[in-house]
Amino acid sequence: MIHCTHYDDNWVTDFRFISGVVLYFVGLSINIYSDNILLSLRKPNDREYYIPKGGLFEYITAANYFGEIVEWFGYAIATSTLPAFVFAIVTASYLGHRAYNHHRYYLEKFDDYPKSRKALIPLIF
C-alpha cells in the first residue's frame, strides 16, 4: 500500500507521518488491551458469552474493533496513500457492521447489558 508514492527524505519528520504513527500505536494499544479483556472472559472449553468490562468496553461493545479501525486510519495518515485510506474505510465499514450486529446480540442476550453502551464509537454509535 506504500509502493504507489514517493517519500522525501524528511517524510519521517512530517506531521502527517508522526501523527499517523502515534494514532497507529494508540489503536494498537486499544486493540491489544481489549483483546486481552475478551480472552480473560472465558476459561478453557467454555462456550458461554459474558459481558466484557473495563477499558473502552465501559463505553462501547466492540472496543477491539474500534482499536483496529484507529490503527488502520493511523497507518493511512502515516503513509498518506489512496490505497491505505481505501483499506481503512473498507475495514471501518466491515467492522462497523459487525460491531452493530454484535451490539444488538448482546442487548438481546443479556437483560443487564448496559443500555448506555454504544456499538463502536464512544458516545456516538
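Structural remarks
- Gain in span if fully extended, residue 104 to residue 80, counting 0.36 nm per residue against the direct Cα distance: 5.2 nm
- Cβ-defined net charge surrounding residue 29, 13 Å radius [Lys, Arg +1; Asp, Glu -1]: -3
- Under the Karplus curve 6.51 cos²θ - 1.76 cosθ + 1.60, θ = phi - 60°, whole-Hz ³J(HN,Hα) for region 44-58, x wherever Gly or Pro sits: x, 6, 8, 10, 6, 9, 10, 7, x, 9, x, x, 6, 5, 6
- Tensor-based shape of the chain (alpha-carbon gyration tensor, a/c under 1.5 rounded, otherwise prolate or oblate): prolate
- Solvent accessible area, Å² - residue 42, 1.4 Å probe, full protein context: 90 Å²
- Counting protein heavy atoms only, region 6-99 has 65 percent of its accessible area on carbon and sulfur, 1.4 angstrom probe.
- Per residue, the solvent-accessible area of the chain (1.4 Å probe, heavy atoms of protein chains only, all protein chains present) comes to 65 Å².
- Rounded, prolate or oblate (a/c below 1.5 giving rounded, otherwise prolate when a/b exceeds b/c) for region 51-116 by Cα gyration tensor: prolate
- 12 Å reach of a label modelled at residue 7, 7 Å along Cα-to-Cβ, counting backbone N of region 53-76: 75-76
- Heavy-atom accessible area ranking, 1.4 Å probe, most first, across 39, 23, 95: 39, 23, 95
- Note on the chain: helix-only mean residue ellipticity at 222 nm, from DSSP H runs of 4+ residues weighted -39500 (n - 2.57) and normalised by residue number, equals -20500 deg cm²/dmol.
The values are calculated or read from the model by the stated rules, or taken from the named source; none is laboratory data. Keep in mind that this is a model prediction, so the values were computed, not measured. Because the Cβ atoms are built from the backbone with ideal geometry, glycine has one as well, and the counts that use them run over all protein chains shown. For accessibility, only protein heavy atoms count, side chains too; no ligands or nucleic acids. Shrake-Rupley method; radii C 1.70, N 1.55, O 1.52, S 1.80 Å.
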